[in-house]
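Notes follow the structure.
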Amino acid sequence: IETVIFTDSLSASKSVAKEISDLIRVKQSQKQPCILGLATGSSPKSLYAELVRMHREEGLSFKNVITFNLDEYYPMEPDSVHSYVRFMKELLFDKVDILPENYHIPDGTLSKEEIADYCTEYELKIEALGGIDLQILGIGGNGHIGFNESGSLQNSKTRLVALDHITRVAASNEFLGLPNTPRTAITLGVKKIMEAKRVILLAWGESKSKIIKESVEGTVTNLVPASYLQEHKNATFVLDQGTAHKLT
Ligand code: F6R
């Protein structure tokens, strides 16, 4: 695992945006689609802002970009203020020239019976495109990646999961209290994340420093799913100083 430490999250995000735009342009010149795995939450917000800036000011086009988001709460209506569909549209998709048929976010409106087949289809779509070229991740305070909570296996598939109490508490402010916070979500499994050709995990601030140390320097364990990335051939943790200061 590689760690790269920046003075602040803004310069870190700009550097990651540069890598993504370089990849998009290489794929464009090869007439290939660029398959991106995307995360929501606070960590990638400045990354998406920088990509939007590059689209507006530097002519970066997303016409050849196909994206798969990691997760969505379940149940969730796409037009809810809490939905990851809304998040992605407001921060990225509606502000660049990505084709609407080219972005994918797990569907929070399915019936329970439909979820298993839907998740299989989600993975098959990724496979049919040759896999994820570059996966962006955040990390939960408990070490979750996507909504693969503690205990998720390295070969876990895309599925409906129960959210950890700590994850729900972290989300409860946005939902105006724990009782309104969803108990379940659909998440891409660890296996597809590990199959991505390149993985970049973003983490900012002191509050993530303990789990970053455990993920990077601790034993590889299903209790900390981010620790699986130690076994990925091309994974980088992009950190700010506040998050990195506990690393030896
Ligand atoms: C969101 C996701 C989650 C978040 C994680 C960190 O799509 O997959 O794993 O990345 O919960 O969230 P923030 O960035 O808000 O601290």
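Only the coordinates and a few stated rules stand behind these numbers; no lab work does. Just so it is clear, the structure is predicted and the values come from calculations on it, not from any experiment. Note: ideal-geometry Cβ built from the backbone for every residue, glycine included; neighbour counts use all protein chains shown.
At 0.692 mPa s and 37 °C, plugging the Kirkwood radius over alpha-carbon pairs of the chain into Stokes-Einstein gives what diffusion coefficient in µm²/s?
D, rounded to a whole number, is 181 µm²/s.
Can you show me the helix-derived [θ] at 222 nm for the chain, built from DSSP H runs with n ≥ 4 at -39,500 (n - 2.57) apiece and divided by the number of residues, rounded to the nearest 500.
Here the helix-only value at 222 nm equals -10500 deg cm²/dmol.
Take the residue pairs 125/233; 89/125; 27/125; 18/45; 192/246 and return only those whose Cα atoms are more than 26 Å apart.
192/246
Just need the relative contact order of the chain here, percent rounded to a whole number, with Cα pairs under 8 Å and 6+ apart.
Across the chain, relative contact order equals 25 percent.
What net charge is computed for the residues neighbouring residue 3, neighbours being all others with C-beta under 11 Å from the C-beta of residue 3, Lys and Arg scored +1, Asp and Glu -1?
Overall, the nearby charge balance is -1.
How high is the relative contact order of the stretch 130-219, given as a whole-number percent (alpha carbon pairs under 8 Å, six or more residues apart)?
Dividing the mean separation by the residue count of the stretch 130-219 yields 42 percent.
Between residue 113 and residue 2, what is the label-to-label distance in nm when each label sits 7 Å out along the Cα-to-Cβ direction?
About 4.9 nm separates the two model spin labels.
To the nearest 20 debye, what charge dipole does the chain have about its Cα centre, counting +1 at the Cβ of each Lys and Arg and -1 at the Cβ of each Asp and Glu?
Result for the chain is approximately 440 debye, rounded to the nearest 20.
What is the spin-label model distance, in nm, from residue 191 to residue 231 if the labels are put 7 Å beyond Cα along the C-beta direction?
About 1.3 nm separates the two model spin labels.
Among the DSSP beta bridges whose two residues both lie in the stretch 2-244, what percent are antiparallel, rounded to the nearest 5?
Counting only bridges with both partners in the stretch 2-244, antiparallel ones make up about 30 percent.
When only Cα pairs under 8 Å and 6 or more residues apart are kept, what is the percent relative contact order across the stretch 25-108?
Taking the mean separation of contacting Cα pairs over the length of the stretch 25-108, I get 35 percent.
Grab the Cα-Cα distance for residue 174 and residue 157, subtract it from 0.36 nm times how many residues apart they are, and report the gain in nm with one decimal.
3.3 nm
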